[in-house]
Every structure is written in C-alpha cells, then in structure tokens.
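Asker: Take this structure, written in structure tokens, and hold onto it; I'll ask about it next.
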Amino acid sequence: MHGELDSYDRRILALLQEDASLSSALIAEQVGLSQSPCWRRIQRLKEEGVIRGQVTLLDRKKIGLNTQIFAEVKLNAHGRSNFTEFTDAIRGFPEVLECYVLMGAVDFLLRIVTADIEAYERFFFEKLSMVPGIQEVNSIVALSEIKSTTSLPVLR
C-alpha cells in the first residue's frame, strides 16, 4: 500500500464491510466528505488492493449447507514435498471454504461445509481422502456458531 490509512479511509472501509452496496454519496455523507473525494478514496483503496472485491454473503443454512466441519490435515513426508499438488487439489473442492497452513502437530486446517454428515462422509471418502500425500485427517463437527464475521477491525 502506498500510504497509511487515515480515519476517513478506515470509516469508509468499516461502512463497506457492513454493506458493500452503499453508494459513494451515502458513504460520503456518513464519513463527512463530499461525494467526489469519497469516490476517489474508494477507487484508490481498490487499486491498492485494500478492497479485494465485493461479494454477496449467503446464509449457508438457508441454502441447505447445515453442517460445518473443521478438518485438521497432516501430510506424510512425501506429501509435504508435494505441497503445491495438495493445495491445488484443495482449491478445487467447493466444499472447502478456507484452508490454512499451520505450524505444529498438523499441517493444514480446513473449514468445510456440506448439507449433512452423510454428505461430509461422501466428500471425505470420494474427494479429500483421495488427495495424495495425506497421512491423517481429524474431523471436528461444529455444533453451533457463536460468531461469524467477515468484517476486519479497521476502526481504532
């Protein structure tokens, strides 16, 4: 990024995280800028990659994805040497929403959504366990969701 975020940038980002469909005029009014400078700031934040994209967030349960699983994946020594092959396979699974490389006893943490446990079982046996190099998968079923947000704490 070219410069630090100032208070206007942070307030703009906070508003856009809550509702990306807000017009630049409405955002400008709420942060205390005129429309043109506000629009230019938003464009700059996009060009600099601070704003990576704008999406519509769905309620997974309302579209039938009722089960959320966290899977800890450990690769064998051969699998670790083929890191790219593993990550490419994981990127190809729409059921995997997030994948993180970890330090410690396991190599990856996956967040997976499926319709139900039976659908996860099919995903596990037909897709995940077929990825070469996997030594162990420990699946953890999430019973309920206490907090889920996409908003970063930009206001300080």
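The values are calculated or read from the model by the stated rules, or taken from the named source; none is laboratory data. Bear in mind the structure is a predicted one, so any value in this text is a computation, not a measurement. Note: ideal-geometry Cβ built from the backbone for every residue, glycine included; neighbour counts use all protein chains shown. Just so you know, the surface numbers come from the protein's heavy atoms only, side chains and all, with ligands and any DNA or RNA stripped out. Shrake-Rupley method; radii C 1.70, N 1.55, O 1.52, S 1.80 Å.
Asker: Provide a single number: the residues in the range 1-16 that are more than 17 Å from LEU155 (Cβ to Cβ) and either in contact (Cβ under 8 Å) with a residue 40 or more places away in the chain or open to solvent by 70 Å² or more (accessible area, probe 1.4 Å) (or both).
Answerer: 2
Asker: So, in the range 129-156, how many residues would count as being loosely packed, with under 12 Cβ neighbours inside 10 Å and small (Gly, Ala, Ser)?
Answerer: Result for the range 129-156: 4.
Asker: Then there's this: Would you pick out the residues in the range 127-156 that are of a type in the set (D, E, K, R) and either under 19 Å from the mean Cα position of the chain (by Cα) or under 25 Å from SER81 (Cβ atoms) (or both)?
Answerer: Passing the criteria: LYS127, GLU136, GLU145, LYS147.
Asker: Which of the following residues is crowded, with 17+ Cβ neighbours inside 10 Å, in contact (Cβ under 8 Å) with a residue 12 or more places away in the chain and not basic (Lys, Arg): ILE112, ILE117?
Answerer: Testing whether each residue is crowded, with 17+ Cβ neighbours inside 10 Å, in contact (Cβ under 8 Å) with a residue 12 or more places away in the chain and not basic (Lys, Arg) leaves just ILE112.
Asker: May I pose another question? Looking only at residues that are free of Cβ contacts under 8 Å to residues at least 24 places away in the same chain and under 16 Å from the mean Cα position of the chain (by Cα) in the range 17-70, which one is nearest to VAL141 (Cα to Cα)?
Answerer: Among those residues, the one meeting the criterion is ASP59.
Asker: Also: Considering each of THR67, THR87 in turn, give the residue that is open to solvent by less than 90 Å² (accessible area, probe 1.4 Å), touching a strand residue (DSSP E or B) at 6+ places or on another chain (Cβ under 6 Å) and closer than 30 Å to ILE117 by Cα.
Answerer: It is THR67.
Asker: Report yes if some residue within the range 134-156 is among the basic types (Lys, Arg) and assigned to a loop (DSSP other than H, G, I, E, B); otherwise report no.
Answerer: yes
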